[in-house]
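Asker: Following this message is one structure expressed as structure tokens.
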Amino acid sequence: MPKFKQILDILNLMGKKEFIRNLGIVAHIDHGKTTLTDLLLAGTGLLSPKMVGSARVLDYLEEEQKRGITMKTANISLLYPTTYGSFIINLVDTPGHVDFTGKVTRALRSIDGAIVVVDAVEEVMAQTEIVIRQALEERVRPVLFINKVDRLIAELKLNEEQIQKKFTRIIDNFNDLLEIYGESQFKDKWKLNPAKGNVAFGTALHRWGFTLSIARQKKIKFSTIIDAYKNTEYQILHKNLPLHNAILDMAIKHIPNPLEAQKYRVEKIWKGNMGSAVGQAMTSCNDNGPAVMCITKVQADPNSGLVATGRLFSGTVKNGDEVYLVNAQKESVVQQVSIYMGAFREPVNQLAAGNIVALSGLELAKVGETIVAAEQCEDMVPFERIRYVSEPVVTVAIEPKNPKDLPGLLAAMDKLAMEDPNLDISINRETGEHLLSGMGELHLEVAVKLLTDYLNGMEIATSSPRVVYRETATREGVIATAKSPNKKNKFAAQAAPMEEDLARQIEQDENSTKNVGNILMVNEYKNVLVDCIGKAEQFREILDFIISGFTFACKAGPLCGEPLRGVKINLKGIQLSENPEHLDPVEIMRGVGKAIFGSFLTAKPMLFEPVYRTVVSSPTELAGECSKIISSRRGKISAFEQKGVSTVITGYIPVAETFGLSAELRSVTSGRAFWQSMFDHWEKVPEKLEAKTIKEVRKRKGLPSEVPKPERFLEENK
């Protein structure tokens, strides 16, 4: 028996594309996203109305309930009856805290529209801008819900005209973001206009809301709402203006169904042949085409093993289907097809294109993996890589208190990284430390908590948070020639800063550089390997080893063992031994790495540190104290903005200076300020701090205190 009585009706509709809406709810933290989700569940019969705001149904993890914030994505299928038929709303709830932004990015691949929730008092905030930008990059259509309107009436005591100005400013700011980040063919079509019904107003906590068309239909003026709050009679608003109707009606009218959305979304997220059988099946959302799916979430289930969740763009998946994992280059068999209903999975026999589906049995699946029907594996190219707006910039070292527990720790860390690809796991080669890197302190704090849960009582020790740095070149280095350790092969390389045009192109789309010049590789740290001898193809049998040497060198540079960033490595020469026995992969990798290090150390290397963009919303009388705190931490204030009784301060602070920032802001403002920090850019470490920082990092990593000389890597010059 299904756990939810609506399941059978939902399954009957999942083949009717025009009645499906794949919808996400996105917002800045504390703008009311999770309360709205509860309300939509209540409005469709899955939750008692009395539990709205406190149930947090899709925040089912213990840590989410404890902290009161969403930390992962969760999806549920809602059945919404209307006068013109019932609709399926495949709803995805997403985190609002910037440390979990990567999960929002992944969720956007599986949906076609997003309800952007904005607090009427705080207006468009930093994370609002990020989620709108992310949505537009995935061609996900955003609509707006202005929440907490009651605060404008009850707290700020604004009159109708002032409230109208607030609404206009929020909508204008939203449309400005569409103008900046939207593609030309969507800008005008997707811009907000309350008269068109793509903006809703209301209060999720009190369960009322409306669009202008609903207000006209009900013959309700905004003055009626103001009077209801002044007379403490706002409870009646829910009866006349149920918010779930306003939101879901807006979604049905303005969010495209899968048939409409995939016509323009597929060409953006998949670079295969659009005229092929696979391409045509995806653009037409064809149930009878080859099954094609993009994995957006994986998690381990104690009973079913690995469960991979994602969007099915074409075909139909059934239990027992043979599928091909394009990135892993492996065939696998689907053991069970299911749909998620919050914390629960409902097994189904099959599911058709245009829906969000969970598959068990694909043990090698990872986030971003492309799955295709096994018989189509020859013609399939993977979906575009999911591009994140942030990257791991804070690290903790983890070790088991009992050395014999190390294998168990490594297995648990691998599981953690599999479920959250924004976590980076590495090993310090010098100290043997196992490092876990994440987006920020909260991200790592939660990750370590999950890790201890996975370890079932195993005791571990964790270091205090550390900052991740990057090493870069500021001028062209010498052409450095180095021998492989066995002295039988020679490699010449030259390190140089990457040209701005190439760096910009890589930032926009790494795949677009594959056929530019003689680029052999663009790695995850935005470094490129270029064939400047024009003969790399002659060395095809060792080309993979050369690229591995480049990757190895870029992962831990010679300044202090931090990754290289924004460096172009020109491959200038290759001399190989005629004896195949001398062409060992490790010999080639190390020879290439030594040449890169030798040249890099002559390229006037410097250290970059990560910088957060920090946005603080504070009572105006405390804004001065908040700005002093930012300035005292090497921060730079870029903007002050008055929003009602609050002042919003935007500044930039080196990540190294943010440890303890939360406690200090909380103390100075008695908890009345709200803030969020997100990675913004890399910046040169100040000259007066650079030498000290390099020495401290080298010491922590067990490296000699002095940076090596270039000659150390150029053995033939000795």
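The values are calculated or read from the model by the stated rules, or taken from the named source; none is laboratory data. These figures come from a predicted structure and were not determined experimentally. Counting neighbours? That spans all protein chains shown, and the Cβs are built from the backbone with ideal geometry, glycine included.
Asker: For segment 635-647: of the residues being surrounded by 20 or more Cβ atoms within 10 Å (Cβ to Cβ) and modelled with pLDDT of 85 or more, which is nearest to Arg466 (Cα to Cα)? It would help to see each step written out before you state the result.
Answerer: Restricting attention to segment 635-647, the residues satisfying the condition of being surrounded by 20 or more Cβ atoms within 10 Å (Cβ to Cβ) are 635, 646-647.
Checking the rest, the ones that are also modelled with pLDDT of 85 or more come to 635, 647.
Working: Gly635: 18, Thr647: 31 Å.
Among them, the one singled out is Gly635.
Asker: Part of a strand (DSSP E or B), of a type outside the set (A, V, I, L, M), within 25 Å of the chain's Cα centre (by Cα) and more than 22 Å from Ala417 (Cα to Cα): is that true of Arg311 in this structure?
Answerer: On the way: part of a strand (DSSP E or B): yes; of a type outside the set (A, V, I, L, M): yes; within 25 Å of the chain's Cα centre (by Cα): yes; more than 22 Å from Ala417 (Cα to Cα): no.
So Arg311 fails the test.
Asker: Identify, by number, the condition in (1) within 27 Å of Lys166 (Cα to Cα); (2) under 28 Å from the mean Cα position of the chain (by Cα) that Arg672 doesn't meet.
Answerer: (2)
Asker: I'd like the residue in segment 293-329 that is among the basic types (Lys, Arg) and at pLDDT 90 or above and, out of all such residues, is surrounded by the fewest Cβ atoms within 10 Å (Cβ to Cβ).
Answerer: Just the residues of segment 293-329 that are among the basic types (Lys, Arg), to begin with: 297, 311, 318.
Next, from what is left, pick out any that are at pLDDT 90 or above: 311, 318.
Values: Arg311: 26, Lys318: 13.
Restricting to residues being among the basic types (Lys, Arg) and at pLDDT 90 or above, the top hit is Lys318.
Asker: If you take the residues of segment 598-650 that are among the charged types (D, E, K, R) and outside any loop (DSSP other than H, G, I, E, B), which of them is farthest from Ser677 (Cα to Cα)? Reasoning before the result, please.
Answerer: Taking segment 598-650 and keeping what is among the charged types (D, E, K, R), we get 604, 609, 613, 621, 625, 628, 633-634, 636, 641, 643.
Still in the running and outside any loop (DSSP other than H, G, I, E, B): 609, 613, 621, 625, 628, 636, 641, 643.
Numbers: Glu609: 15, Arg613: 6, Glu621: 22, Glu625: 18, Lys628: 17, Lys636: 14, Glu641: 17, Lys643: 19 Å.
Filtering segment 598-650 for residues that are among the charged types (D, E, K, R) and outside any loop (DSSP other than H, G, I, E, B), the one farthest from Ser677 (Cα to Cα) comes out as Glu621.
Asker: Given Val118, Val143, which one is among the aliphatic types (A, V, I, L, M), under 30 Å from Leu13 (Cα atoms) and modelled with pLDDT of 90 or more? Outline the logic, then answer.
Answerer: Values: Val118 fails: under 30 Å from Leu13 (Cα atoms).
Answer to the check: Val143.
Asker: In addition: Check whether at least one residue in segment 600-616 is among the small types (Gly, Ala, Ser) and within 30 Å of Arg700 (Cα to Cα), and report yes or no.
Answerer: Of all residues in segment 600-616, those among the small types (Gly, Ala, Ser) come to 603.
Then drop every residue that is not within 30 Å of Arg700 (Cα to Cα), which leaves 603.
Yes: segment 600-616 contains one or more residues that are among the small types (Gly, Ala, Ser) and within 30 Å of Arg700 (Cα to Cα).
Each row is one residue, and each column tells you yes or no for (1) among the charged types (D, E, K, R); (2) touching a residue at least 40 places away in the same chain (Cβ under 8 Å); (3) in the same structural domain as Pro485 (by TED's automatic domain parsing).
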site	(1), (2), (3)
Pro563	no, yes, yes
Gly566	no, yes, yes
Asn570	no, yes, yes
Glu578	yes, no, yes
Glu581	yes, no, yes
Glu587	yes, yes, yes
Gly591	no, yes, yes
Phe597	no, yes, yes
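Asker: Please specify each residue of segment 185-217 satisfying the condition of being farther than 17 Å from Asp172 by Cβ, in contact with a Leu (Cβ under 9 Å, 6 or more places away or on another chain) and without any contact (Cβ under 8 Å) to a residue 40 or more places away in the chain.
Answerer: Across segment 185-217, the qualifying residues are Trp208, Phe210, Ile214, Ala215.
Asker: Determine if segment 146-166 includes at least one residue that is within 21 Å of Leu241 (Cα to Cα) and either in a strand (DSSP E or B) or touching a Cys at 6+ places or on another chain (Cβ under 6 Å) (or both).
Answerer: yes
Asker: Can you pull out the residues in segment 258-292 that are in a helix (DSSP H, G or I), touching a helix residue (DSSP H, G or I) at 6+ places or on another chain (Cβ under 7 Å) and within 21 Å of Leu108 (Cβ to Cβ)?
Answerer: Scanning segment 258-292 gives Pro258, Leu259, Gln262, Lys263, Val266, Met282, Thr283.
Asker: With respect to Ala358, determine if the residue is in contact with a Phe, Trp or Tyr (Cβ under 7 Å, 6 or more places away or on another chain), surrounded by 22 or more Cβ atoms within 10 Å (Cβ to Cβ), closer than 21 Å to Lys415 by Cβ and not assigned by TED's automatic domain parsing to the domain that holds Ser426.
Answerer: Values: in contact with a Phe, Trp or Tyr (Cβ under 7 Å, 6 or more places away or on another chain): yes; surrounded by 22 or more Cβ atoms within 10 Å (Cβ to Cβ): yes; closer than 21 Å to Lys415 by Cβ: yes; not assigned by TED's automatic domain parsing to the domain that holds Ser426: yes.
It is true that Ala358 is in contact with a Phe, Trp or Tyr (Cβ under 7 Å, 6 or more places away or on another chain), surrounded by 22 or more Cβ atoms within 10 Å (Cβ to Cβ), closer than 21 Å to Lys415 by Cβ and not assigned by TED's automatic domain parsing to the domain that holds Ser426.
Asker: State whether the residues of segment 624-646 include one that is at positive phi and assigned by TED's automatic domain parsing to the domain that holds Val668. Can you show your working first?
Answerer: Filtering segment 624-646 for residues at positive phi gives 634, 644.
From the residues that got through so far, the ones that are assigned by TED's automatic domain parsing to the domain that holds Val668 too are 634, 644.
Yes; the residues of segment 624-646 include at least one that is at positive phi and assigned by TED's automatic domain parsing to the domain that holds Val668.
Asker: Among the residues of segment 120-171, which ones are within 22 Å of Ile255 (Cβ to Cβ) and free of Cβ contacts under 8 Å to residues at least 40 places away in the same chain? Talk me through it step by step, then tell me what you get.
Answerer: Our first condition is that a residue be within 22 Å of Ile255 (Cβ to Cβ); within segment 120-171, this holds for 124, 127-147, 167, 170-171.
Ile171 - this is the single residue of segment 120-171 that is within 22 Å of Ile255 (Cβ to Cβ) and free of Cβ contacts under 8 Å to residues at least 40 places away in the same chain.
Asker: Next up: Pick from Gly354, Gly342: which is on the phi > 0 side of the Ramachandran plot, at pLDDT 85 or above and under 24 Å from the mean Cα position of the chain (by Cα)?
Answerer: Values: Gly342 fails: at pLDDT 85 or above.
One residue alone meets the criteria, Gly354.
Asker: Against the conditions (1) at pLDDT 90 or above; (2) surrounded by fewer than 20 Cβ atoms within 10 Å (Cβ to Cβ); (3) hydroxyl-bearing (Ser, Thr, Tyr), where does Thr620 fall short? Just the number, please.
Answerer: With respect to (1) at pLDDT 90 or above; (2) surrounded by fewer than 20 Cβ atoms within 10 Å (Cβ to Cβ); (3) hydroxyl-bearing (Ser, Thr, Tyr), Thr620 is out only on (1).
Asker: Out of the residues in segment 473-487 that are of a type in the set (D, E, K, R) and farther than 16 Å from Gly593 by Cβ, state the one that is surrounded by the fewest Cβ atoms within 10 Å (Cβ to Cβ).
Answerer: As a first pass, look at segment 473-487 and keep what is of a type in the set (D, E, K, R): 475-476, 483, 487.
Right, trim to farther than 16 Å from Gly593 by Cβ and you get 475-476.
On the way: Arg475: 11, Glu476: 16.
Across segment 473-487, the extreme among qualifying residues is Arg475.
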